[in-house]
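Asks: Here's a structure for you.
The values are calculated or read from the model by the stated rules, or taken from the named source; none is laboratory data. Here the structure is a predicted model, which means the values were calculated and not measured. Cβ atoms come from the backbone with ideal geometry, glycine included; neighbour counts cover every protein chain shown. Heavy atoms of the whole protein, side chains included, go into the accessibility calculation; ligands, DNA and RNA do not. Shrake-Rupley method; radii C 1.70, N 1.55, O 1.52, S 1.80 Å.
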Amino acid sequence: MDHRAGAGTVTHRPTPARVLAPLWETGRLFALAATVARDTFRRPFPLREFIEQFWFVASVTILPAALVSIPFGAVIALQVGSLTQQLGAQSFTGGASVLAVIQQASPLIVALLISGAGGSAICADLGSRKIREELDAMEVMGVSPVQRLVVPRVLATMLVAVLLNGMVSVVGTLGGYFFNVIMQSGTPGAYLASFSALAQLPDLWISEIKALIFGFLAGIVAAHRGLNPRGGPKGVGDAVNQSVVITFLLLFFVNMVLTALYLQLVPAKGA
């Protein structure tokens with residue numbers, strides 16, 4: 001606080017702690033990710049907790065993922081089909097739309113749903129345990145909360161993301177095929193032929209790798225915010241909202257980086 005004589009004004013300067021707070025939070029997030037990676041290989045592995053969390057995350061995301069993937073595939077197919085018609089390249093509609101669904105739409109849909117449904121529940125559960133001092137009691141008894149609670153949740157989100165990504169890719173591709181062939185009078189043979197001409201196996205691998213990384217990010221961010229709530233029950237609600245927003249921002253940034261690396265490292269088919 002800076003008092004200037006005669007000016008009658010007070011200037012508030014940000015304290016160093018407030019300026020460095022985002023850096024501290026980022027460091028703690030990376031530290032939690034490293035701890036989870038280390039404790040994954042420690043024994044005993046909480047298999048029962050992992051199965052319960054896997055079933056819970058899968059049960060709250062399977063139906064929404066299937067329902068959301070249909071309009072996503074339809075919108076991509078309609079937009080790409082309209083663009084290819086303007087350019088006179090209708091024969092490449094199938095390959096372009098399917099690649100867009102597999103490489104971009106499918107991993108993002110899965111990650112957003114896991115973060116919004118499963119990640120928010122994970123954050124709320126860990127946050128409520130924290131304010132009830134259950135995690136402190138576990139540490140007193142010599143039980144690591146990260147190994148016992150965080151590791152199975154993060155691994156469950158990763159596995160569900162990988163499995164859901166395959167389902168969303170199939171459903172989105174079928175939806176795009178239906179709307180392109182039925183609504184835009186496309187030919188089924190040209191749709192499939194363009195896909196086989198443009199697609200390659202690394203396209204599927206990058207999609208699964210993205211889903212795996214996105215599931216890891218969703219689980220880590222949700223666990224980090226759940227382990228560090230502020231202000232009692234209200235702080236738990238704020239932590240849930242923050243975890244979803246932070247995960248969304250990280251997902252789009254990481255997706256941009258992975259897509260740029262893939263396009264630079266993997267040559268296009270026929271190039």
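Asks: I'm trying to understand the selection: among the residues of segment 209-231, which are in a helix (DSSP H, G or I) and out of contact with any helix residue (DSSP H, G or I) (no Cβ under 6 Å at 6 or more places or on another chain)?
Replies: The answer is I209, I213.
Asks: In addition: Of these, V266, V245, which one is touching a residue at least 24 places away in the same chain (Cβ under 8 Å) and either open to solvent by 30 Å² or more (accessible area, probe 1.4 Å) or within 18 Å of V154 (Cα to Cα) (or both)?
Replies: V266
Asks: Could you count how many residues in segment 114-147 are under 20 Å from S59 (Cβ atoms) and crowded, with 20+ Cβ neighbours inside 10 Å?
Replies: 8
Asks: Same structure again: Out of V162, V170, V150, I need the residue that is open to solvent by 10 Å² or more (accessible area, probe 1.4 Å), out of contact with any Phe, Trp or Tyr (no Cβ under 8 Å at 6 or more places or on another chain) and modelled with pLDDT of 90 or more. Which one?
Replies: V162
Asks: Return yes or no: is F54 aromatic (F, W, Y), under 17 Å from the mean Cα position of the chain (by Cα) and either surrounded by fewer than 17 Cβ atoms within 10 Å (Cβ to Cβ) or part of a helix (DSSP H, G or I) (or both)?
Replies: yes
Asks: Let me ask something else. Quick one: which helices (runs of 4 or more DSSP H) sit completely within segment 59-141 and have at least 2 residues that are out of contact with any Ser or Thr (no Cβ under 8 Å at 6 or more places or on another chain) and farther than 28 Å from R225 by Cα?
Replies: Qualifying helices (runs of 4 or more DSSP H): 93-100.
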